[in-house]
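So the structure is just underneath, and the comments pick up after that.
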Amino acid sequence: MAQQLSATARRDKAARDKAYAMTPDRKAKKAHAEREARANPSAAKGKDFDHKDQRWETPNRNRGNDGEGAIVTLQNVTESRRALDKLERTASWLTQILNSSTVPTFVIDNNHLITHWNHACELLTGLSGSEIIGSKEQWRAFYPQSRPVMADLIVDNVLEDEVAKHYASGYRRSLLGHGYEAEDFFPNMGVDGRWLFFTAAPLAKKGSLDPVIGRASEIERVIQVLCRRNKNNPVQFSIDEIEDIISSRI
């Protein structure tokens, strides 16, 4: 019984085959086989061209083994596969959390490409995730022309002077991680413009602990405080309460 390849192995094989198909050697062999097929179409029908023996062979024979045997090497990758599966489940779980959150949230990677744009962000900005994920057009939600948003500045690890240049109306260091938070008016959002309070923080580097891992309850309480501000008091909010929440875990 033929061995069934896993989905990952099939993807890897397809990638290798695609890469080989683009090499000069493979292109030359393909062109040669096409010339031979045009010269003798009846012999070529349903067969592959054997470049070693310069003749047409049935696919099974041409792809077979004419050597003296085969050698197989084995490697136990169970632990790495389990770790990868765990990472994939975690990524799926985090995506579900983002999408179900009532707090507008988006994520960009180190290349400034949008990787997540949750439903709440769609409702706030009027831009759908399918329209903007995979692009570098996060600015479209907030500004009439291209310019860096705070998340872009975080990714580029700019000096604080650069942050001040783009957010002269006021900003401060974020309470969640090594980022920034600010409040600004965006005249191009909605009919009469909107005031937004926003926070941007870096994601954890590979191999290090994310500053928000294990802090779900604290973050939820922070969100509740900010939501009360939006509902009941558009001018003031309890910064002391948020500081107490975060300080309890620092």
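The values are calculated or read from the model by the stated rules, or taken from the named source; none is laboratory data. As the structure is a computational prediction, the values presented were derived from the model and not from experiment. Here the Cβ positions follow ideal geometry from the backbone for every residue, glycine too, while neighbour counts run over all protein chains shown. SASA here: full protein model, heavy atoms, side chains in, ligands and nucleic acids out. Shrake-Rupley method; radii C 1.70, N 1.55, O 1.52, S 1.80 Å.
Subtracting the Cα-Cα distance of Arg26 and Tyr143 from 0.36 nm times their residue separation leaves 37.2 nm of extension gain. Extending 7 Å from the Cα toward the beta-carbon at both Ile133 and Arg82 defines two label points whose distance is 3.0 nm. Computed packing ranks the peptides 146-157, 18-29 as 146-157, 18-29, most packed first, by mean other Cβ atoms within 10 Å. Estimated from the Cβ-Cβ distance and a Förster radius of 35 angstrom, the FRET efficiency linking Asp109 and Thr58 is about 0.15. For the cross-link pairs Lys13/Lys47; Lys18/Lys86; Lys30/Lys136; Lys86/Lys165, the ones whose C-alpha atoms lie over 31 Å apart are Lys30/Lys136; Lys86/Lys165. Backbone phi angles across the stretch 139-149, fed through the Karplus curve with coefficients 6.51, -1.76 and 1.60 (θ = phi - 60°), yield HN-Hα couplings of 4, 4, 6, 10, 10, x, 9, 5, 6, x, 8 Hz in residue order; Gly and Pro are listed as x.
Projected onto its three principal axes, the C-alpha set of the stretch 41-193 covers 76, 43, 33 Å, listed from the longest axis down. Counting only protein heavy atoms and a 1.4 Å probe, the stretch 36-193 has 69 square angstrom of accessible area per residue. Please find the FRET efficiency linking Lys13 to Ser42, where r is the Cβ-Cβ separation and R0 is fixed at 41 Å, and quote it to the nearest 0.05. Once rounded, the FRET efficiency stands at 0.80.
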